[in-house]
Amino acid sequence: MHPRILEVTERLIARSRPTRERYLQLIRGAASDGPMRAKLQCANFAHGVAGCAPQDKQNLRLMDSANVAIVSAYNDMLSAHQPYEHFPEQIKQALREVGSVGQFAGGVPAMCDGVTQGEPGMELALASREVIAMATAVALSHNMFDATLCLGICDKIVPGLMMGALRFGHLPTMFVPGGPMPSGISNKEKADVRQRYAEGKASREELLESEMKSYHSPGTCTFYGTANTNQLLMEVMGLHLPGASFVNPYTPLRDALTAYAAQQVTRMTKASGNFMPLGEIVDEKALVNSIVALHATGGSTNHTLHMPAIAQAAGIQLTWQDMADLSEVVPTLSHVYPNGRADINHFQAAGGMAFLIRELLDGGLLHEDVNTVAGHGLRRYTQEPFLEEGKLVWRDGPTASLDESILRPLARPFSPEGGLRVMQGNLGLGVMKVSAVAPEHQVVEAPARVFHDQQALADAFKAGELERDFVAVMRFQGPRSNGMPELHKMTPFLGVLQDRGFKVALVTDGRMSGASGKIPAAIHVCPEAFDGGPLARVRDGDIIRVDGHTGTLLVRVDETELAARPLAQAPTGNDLGCGRELFGFMRHAMSSAQHGASAFTASLEALK
């Protein structure tokens, strides 16, 4: 093992020992010697099985069958989740074949960030993660279940399902992916049309045609954003079947993997003799593995929020410094848009997860001795699934990349370090996705131009006010201010200005997410402006340095003068409409970005 990986793991274990031990006590105490439903009163049990088919009722009465909770984020607003419409029946049938039962325990909300980008609904996105966690807990609260299958893919959905399921960490749990849509037009072509539209060089009809050729069918969007990062991390953490993440929907292999997952989770129950609950899989080593894979692939910056929040739900105290220290020694092995031109289907064809995991294992960058849903040891995940005469089998994955412009061996990385940088200085603490930014653009020192919303920046661009070097400061976008929406509406405008030769950067207490592109952006800055962070004292014209090489984020203003400046006031009147008023209590409870921007932090801290 690489000494840095061991060092970070050991200090994470030491730091987390009190909360982790308390968490393990809780889940081990919740695990019973047999099915929980056996302890229910007769009336309670009768309610729980009243809607079941006669044979399922009989199986549940015998207590030697597994009852599997299906928790699904299905809706057909999300292309990635549309295939889940058919999964519950597939799962139930596969379970009946092994004498077990599946019950649809509950649905959780699932909003599409692609639909809500730049709209008021985006201000609900991060809060929806907490709602999903709570909805998952409600679904599992019936004490009828021996195991759980979580059906979720996209941005806040997988983290929310994880956070909720971890509070029922005594249950064996698997995540069941749906797979990416087939490739449409290239992501670069899509981005080019967006920029031309921002400049007024493409019509709205051209823009719409381009977007619909890119997002064109059921399945996950094919760029390497938060959704596909979720899938990659779930597999590296051993919560998917090996090789399951990026198999296209509505294919025989996809269906076979879904059925196998249903049956596999029954093999992890107490009755099977191979008990492996979720809380024993998600440990410090699994979390370190997830961060290594995040860096090696230039994954979504949203996971600097999600992984600390997930860790906290498992009693583990993961920090941005842990993530930064790992980034220094983990090389970048893949280039998938926005880090490159390829999409996730091309990544899969070039060698995919099996090749990536083998390289990282052989290089001593991943812990091999971990629990997974496929058994003990991560080496199993260097295999790929195939159908042989209709039967699902696994074979050893490729030992060489089929396209080194997409996926490279450890000996020839794209970069010697990972894709994320922790930024710090007198403006606070933030992160930057350096893997998507060309080296010559990673350092910008220029006057600040302060904005309080994306439309103001768009208006300034259209008025010709931004034809110069500048650092856009987009403040009051943090979790406690307006829910921390993603800020992609201004990306095309900043991209145009950079292409015109200007030095531009972004500094914000908001999010840019997995689609963070070629503009240097110091995001998730905390303390946020709403809480009196330094961003609230920045003025137009202040010189700001954003240095992605060294991780420096500062304003060149005398410290005494900066401290003496009055705090800018947050905009008012923007928290009504589109349901935003219902989430005020949650915004006020949110922790800082570095602690996961979670409403649950305080309550989980009480477990120490």
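The values are calculated or read from the model by the stated rules, or taken from the named source; none is laboratory data. Here the structure is a predicted model, which is why all the values come from computation and not from measurement. Glycine also receives a Cβ, built like all others from the backbone with ideal geometry; neighbour counts cover every protein chain displayed.
Filter segment 237-286 down to residues that are more than 28 Å from Gln317 (Cα to Cα), of a type outside the set (Ser, Thr, Tyr) and touching a helix residue (DSSP H, G or I) at 6+ places or on another chain (Cβ under 7 Å), then give me how many there are.
Selection size over segment 237-286: 10.
Pairs under 6 Å by beta carbon, first residue within 14 Å of Glu404 (Cβ to Cβ) in segment 344-360, partner acidic (Asp, Glu) and surrounded by fewer than 24 Cβ atoms within 10 Å (Cβ to Cβ), six or more apart or different chains?
What qualifies is Ala350/Asp403.
Just to check your reading of the model, which residue among Ala73, Ala125 is surrounded by 24 or more Cβ atoms within 10 Å (Cβ to Cβ) and in contact with a Gly (Cβ under 8 Å, 6 or more places away or on another chain)?
None of the other options fit; the residue is Ala73.
Just give me the residues in segment 135-155 being closer than 23 Å to Leu40 by Cα and either part of a helix (DSSP H, G or I) or acidic (Asp, Glu) (or both), in sequence order.
Within segment 135-155, Ala135, Thr136, Ala137, Val138, Ala139, Leu140, Asp146 meet the criteria.
Just to be sure before I move on: is Ala80 over 18 Å from Leu278 (Cα atoms) and surrounded by fewer than 12 Cβ atoms within 10 Å (Cβ to Cβ) in the structure I sent?
When the stated conditions are applied, Ala80 does not pass them.
Scan segment 242-284 residue by residue and report those that are among the basic types (Lys, Arg) and closer than 19 Å to Val158 by Cβ.
Matches in segment 242-284: Arg254 only.
What number of residues in segment 328-356 are closer than 24 Å to Arg11 by Cα and crowded, with 24+ Cβ neighbours inside 10 Å?
Matching residues across segment 328-356 total 1.
Of the numbered conditions (1) within 30 Å of Lys213 (Cβ to Cβ); (2) in contact with a strand residue (DSSP E or B) (Cβ under 6 Å, 6 or more places away or on another chain), Ser79 fails exactly one; give the number of that condition.
Of everything listed in (1) within 30 Å of Lys213 (Cβ to Cβ); (2) in contact with a strand residue (DSSP E or B) (Cβ under 6 Å, 6 or more places away or on another chain), Ser79 misses just condition (2).
Does Glu388 fit the bill of being among the acidic types (Asp, Glu) and under 23 Å from the mean Cα position of the chain (by Cα)?
no
If you go through segment 164-218 one residue at a time, how many are at pLDDT 95 or above, of a type in the set (Ser, Thr, Tyr) and out of contact with any strand residue (DSSP E or B) (no Cβ under 8 Å at 6 or more places or on another chain)?
Looking only at that region, the number is 0.
Having 1 or more residues that are buried (at least 21 other Cβ atoms within 10 Å of the Cβ) and assigned by TED's automatic domain parsing to the domain that holds Gly430 is the bar; report the helices (runs of 4 or more DSSP H) wholly within segment 446-564 that clear it.
454-462, 479-482, 491-499
Would you be able to tell me the number of residues in segment 488-514 that are of a type outside the set (Lys, Arg) and in contact with a helix residue (DSSP H, G or I) (Cβ under 6 Å, 6 or more places away or on another chain)?
Qualifying residue count for the region: 9.
Taking the options Gly164, Gly178, Gly160, name whichever one is assigned to a loop (DSSP other than H, G, I, E, B), crowded, with 24+ Cβ neighbours inside 10 Å, touching a helix residue (DSSP H, G or I) at 6+ places or on another chain (Cβ under 8 Å) and of a type outside the set (A, V, I, L, M).
Testing whether each residue is assigned to a loop (DSSP other than H, G, I, E, B), crowded, with 24+ Cβ neighbours inside 10 Å, touching a helix residue (DSSP H, G or I) at 6+ places or on another chain (Cβ under 8 Å) and of a type outside the set (A, V, I, L, M) leaves just Gly178.
Checking the conditions here, which among Glu417, Glu440 is surrounded by fewer than 20 Cβ atoms within 10 Å (Cβ to Cβ), without any contact (Cβ under 8 Å) to a residue 24 or more places away in the chain and outside any strand (DSSP E or B)?
Among Glu417, Glu440, only Glu440 is surrounded by fewer than 20 Cβ atoms within 10 Å (Cβ to Cβ), without any contact (Cβ under 8 Å) to a residue 24 or more places away in the chain and outside any strand (DSSP E or B).
Exactly one of these conditions fails for Leu407: (1) in contact with a Gly (Cβ under 6 Å, 6 or more places away or on another chain); (2) surrounded by fewer than 20 Cβ atoms within 10 Å (Cβ to Cβ); (3) among the hydrophobic types (A, V, I, L, M, F, W, C). Give me its number.
(2)
Can you pull out every residue in segment 12-38 that is basic (Lys, Arg), surrounded by 16 or more Cβ atoms within 10 Å (Cβ to Cβ) and either under 15 Å from Asp283 (Cβ atoms) or without any contact (Cβ under 8 Å) to a residue 40 or more places away in the chain (or both)?
Matches in segment 12-38: Arg15, Arg20.
Which condition does Ala597 not pass, out of (1) more than 27 Å from the chain's Cα centre (by Cα); (2) in a loop (DSSP other than H, G, I, E, B); (3) more than 30 Å from Phe502 (Cβ to Cβ), if it passes all the others?
(1)
Taking segment 432-456 as the region of interest, how many residues are at pLDDT 90 or above and in contact with a strand residue (DSSP E or B) (Cβ under 6 Å, 6 or more places away or on another chain)?
Of the residues in segment 432-456, 10 are at pLDDT 90 or above and in contact with a strand residue (DSSP E or B) (Cβ under 6 Å, 6 or more places away or on another chain).
For Lys489, are the conditions met, namely being closer than 22 Å to Asn339 by Cα, charged (D, E, K, R), in contact with a Gly (Cβ under 9 Å, 6 or more places away or on another chain) and at pLDDT below 95?
yes
Looking at segment 352-411, which of the residues that are among the small types (Gly, Ala, Ser) and in a helix (DSSP H, G or I) is farthest from Thr297 (Cα to Cα)?
Ala354
Hey, Gly495 hits all of (1) more than 19 Å from Val525 (Cα to Cα); (2) under 30 Å from the mean Cα position of the chain (by Cα); (3) without any contact (Cβ under 8 Å) to a residue 60 or more places away in the chain but one; which does it fall short on?
(3)
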